[in-house]
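Enquirer: The structure follows.
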Amino acid sequence: MSKIKNYFEEKIVPSIDKFTNARYVKIIMDGFMGVSALAIGGSIFMLIRSLPLGDWYTNFLTSTGLVDILNFPVMITSDLISLYLVIALGYFTAKSFGKNPFSGAMIGLGALLLLTPFETTAILTDATGAEVSGIVSSVLPVSSFGATGLFLAMIAGISGARIYVWCLDKNIKIKMPESVPPKDIKRNLLIGIEKLF
């Protein structure tokens, strides 16, 4: 038994430590930990909505309108989890390379939106009760930001922020005109505004 324990401690544990301390694995772990509170919060409301108490409970939730109230937190947490994840991954990627994490988060979000189709299929009912389906454009489909979009969010968040880091490392920046105040002035202005409130 001690041979198995020694083999595990000498060979397996160091390999697991090396894997979990790899930069991108750590970024993904931190990103998922960052959105875990939202996922848990949405799950609590989903659990309350789905308690197996029989038809009387379902009818009660529907008749009182509580089902819509319970659906709203689920919609803004679980159904949009990819949006939160892409922001977290962009943030932690930029932070891992010592760059501005907020910019990394926004660039990751922009990368995801760039890859998202701005159209969806909608089914409408006319006055006679007939259903008509068609493609609606210039909309963001919520279904793209749920669990089905997690893999794309992972790629977009890390890749977008990594390109941002690469551009900064190569000194590829957008030079602002003289009319734009320098960073210190903007920071001092924000500090002054905070002191007002």
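Enquirer: How about region 18-37: which of its residues are more than 17 Å from Ala156 (Cα to Cα), modelled with pLDDT of 70 or more and open to solvent by 60 Å² or more (accessible area, probe 1.4 Å)?
Expert: Within region 18-37, Lys18, Met33, Ala37 meet the criteria.
Enquirer: Out of curiosity, is Tyr164 among the aromatic types (Phe, Trp, Tyr), touching a Pro at 6+ places or on another chain (Cβ under 7 Å), under 23 Å from Gly31 (Cα atoms) and at pLDDT 90 or above?
Expert: no
Enquirer: For region 52-100, give me each residue that is at pLDDT below 85, part of a loop (DSSP other than H, G, I, E, B) and either basic (Lys, Arg) or open to solvent by less than 70 Å² (accessible area, probe 1.4 Å) (or both).
Expert: Residues satisfying the conditions are Gly54, Gly65.
The values are calculated or read from the model by the stated rules, or taken from the named source; none is laboratory data. A quick note: this is a predicted structure, and the numbers were derived from the prediction, not measured. Here the Cβ is made from the backbone with ideal geometry for all residues, glycine too, and neighbour counts use every protein chain on show. The accessibility values were calculated without ligands, DNA or RNA, using every heavy atom of the protein model including side chains. Shrake-Rupley method; radii C 1.70, N 1.55, O 1.52, S 1.80 Å.
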